[in-house]
Amino acid sequence: MGTIARMSVALAMDSSDFDKGVQEAQRKAESFGKKLQSAGTAMSAAVTLPLVGIAAAALKSAGDFESTMNVMQSITGATGDQMEAMTQQALKLGAETSFSAGEAAEGMLELGKAGLATNDIMGAMPGVLSLAAAGNMDVGTAAEIAANAVNTFGLEASDTTEVANMLAAAANASSADVSDLAQGLKMSGSVFAAMGQDMSDLTTGMALMSNAGISGSDAGTSLKTMMMRLAAPTKEAAGAMAELGLNVYNADGSMKSFESIVGQLEKATAGLTTEQKNVALSTIFGADAIRAAVVMTEAGAEGFADMEKQVNKAGAAEKAAAARMKGLTGAIDYLTGSIDSVMIALGSQFL
């Protein structure tokens with residue numbers, strides 16, 4: 001083969017190899033481009049989808065918050081300025097406590113339903129949140145409990161913190177929890193209040209009952225019946241009370257304090273045999289209330305006073321709330337509440 005022929009063959013082979021190389025490079029470039037596009041799409045989704053989820057959550061939180069506040073305005077008749085003040089307080093409480101702004105709003109709503117005025121609602125909220133944290137319950141339930149106690153005993157809204165403290169302290173000093181005490185209050189509060197008794201004496205009585213194994217509505221019912229039997233005794237009960245020298249009324253017709261009555265019972269039955277004591281208490285109090293009468297008599301004036309001192313210990317609700325919020329769980333609760341406040345603030349801009 002001549003030199004020119006050999007060069008032609010070589011050039012043809014080189015051209016063929018070159019074309020194959022170009023085609024392979026183009027294929028790889030296209031493959032690389034597709035991979036980049038796929039990676040870009042995945043990265044975009046990884047960023048965009050969470051942002052969309054956060055936006056949806058923010059709108060949901062803001063919408064629920066707005067709905068709650070609208071209902072509250074309808075119930076309380078609050079002005080625009082008052083609603084703005086309550087909104088800011090709810091957001092602040094959500095950011096600074098373990099509860100969310102939405103939960104704070106629910107608590108405000110419950111207080112509004114109970115008839116508290118706008119300023120009273122705002123003044124009561126710190127105590128309500130302390131009660132909720134101390135009792136490990138939702139804010140709405142804590143608000144209902146506090147409002148019922150305030151209304152039942154004719155207290156001021158500013159006394160809500162004291163009510164919360166009292167219930168938390170009683171729970172700390174006895175085997176009852178805040179829910180047990182709330183159930184007892186529901187059953188006996190109105191009767192005790194009608195007879196001029198204060199909440200402190202009733203709460204003390206329920207704490208003593210709980211330590212004797214009788215709690216909740218059962219304790220409240222027994223204490224209520226005990227007071228009713230003393231206030232309006234049957235003929236036989238009145239005779240037994242007279243024999244014991246038991247007098248529950250003052251000279252002006254008002255009823256003596258429950259603590260004073262407990263002291264009288266202790267003294268009146270101190271010298272009796274077991275049989276005489278059982279007969280006397282059964283006659284005066286009947287089958288249900290005898291449980292409360294026995295527990296109170298055994299506690300006596302000193303036991304009652306000791307428990308009441310514990311029930312009125314200052315700062316119990318705040319201390320119990322702080323103890324529950326320590327550690328990882330508390331930190332998560334604080335963080336969740338703060339995030340919710342931010343979500344509401346952000347979502348509200350787009351409602």
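The values are calculated or read from the model by the stated rules, or taken from the named source; none is laboratory data. Because the structure is predicted, anything quoted here is derived from the model rather than measured. Virtual Cβ from ideal backbone geometry, glycine too; neighbours counted across all protein chains shown. These accessible areas exclude ligands, DNA and RNA; they are computed on the full protein's heavy atoms, side chains included. Shrake-Rupley method; radii C 1.70, N 1.55, O 1.52, S 1.80 Å.
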Among the residues listed as 217, 210, the single one being under 13 Å from residue 292 (Cα atoms), open to solvent by 40 Å² or more (accessible area, probe 1.4 Å) and of a type in the set (Gly, Ala, Ser): 217
Among residues of segment 174-207, those that are among the hydrophobic types (A, V, I, L, M, F, W, C) and surrounded by 22 or more Cβ atoms within 10 Å (Cβ to Cβ), counted: 10
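Tell me whether segment 109-116 contains one or more residues that are touching a helix residue (DSSP H, G or I) at 6+ places or on another chain (Cβ under 8 Å) and open to solvent by 50 Å² or more (accessible area, probe 1.4 Å).
Taking segment 109-116 and keeping what is touching a helix residue (DSSP H, G or I) at 6+ places or on another chain (Cβ under 8 Å), we get 109-116.
Still in the list and also open to solvent by 50 Å² or more (accessible area, probe 1.4 Å): 113, 115.
Checked against the condition, which is being touching a helix residue (DSSP H, G or I) at 6+ places or on another chain (Cβ under 8 Å) and open to solvent by 50 Å² or more (accessible area, probe 1.4 Å), segment 109-116 yields at least one hit.
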Identity of the residue in segment 220-257, among the hydrophobic types (A, V, I, L, M, F, W, C), over 18 Å from residue 301 (Cα atoms) and open to solvent by less than 30 Å² (accessible area, probe 1.4 Å), that ends up nearest to the chain's Cα centre (by Cα): 231
Among (1) over 19 Å from residue 182 (Cα atoms); (2) touching a residue at least 60 places away in the same chain (Cβ under 8 Å); (3) open to solvent by less than 40 Å² (accessible area, probe 1.4 Å); (4) in a helix (DSSP H, G or I), the one test that residue 121 misses: (2)
Exclusive hit being under 23 Å from residue 196 (Cβ atoms) and either among the small types (Gly, Ala, Ser) or surrounded by fewer than 16 Cβ atoms within 10 Å (Cβ to Cβ) (or both), set 287, 268: 268
Within segment 62-84, considering residues that are of a type in the set (A, V, I, L, M), part of a helix (DSSP H, G or I) and farther than 18 Å from residue 128 by Cα, the one modelled with the lowest pLDDT: 62
Single residue of 190, 210 found to be in a helix (DSSP H, G or I), modelled with pLDDT of 95 or more and either out of contact with any helix residue (DSSP H, G or I) (no Cβ under 9 Å at 6 or more places or on another chain) or farther than 26 Å from residue 115 by Cα (or both): 210
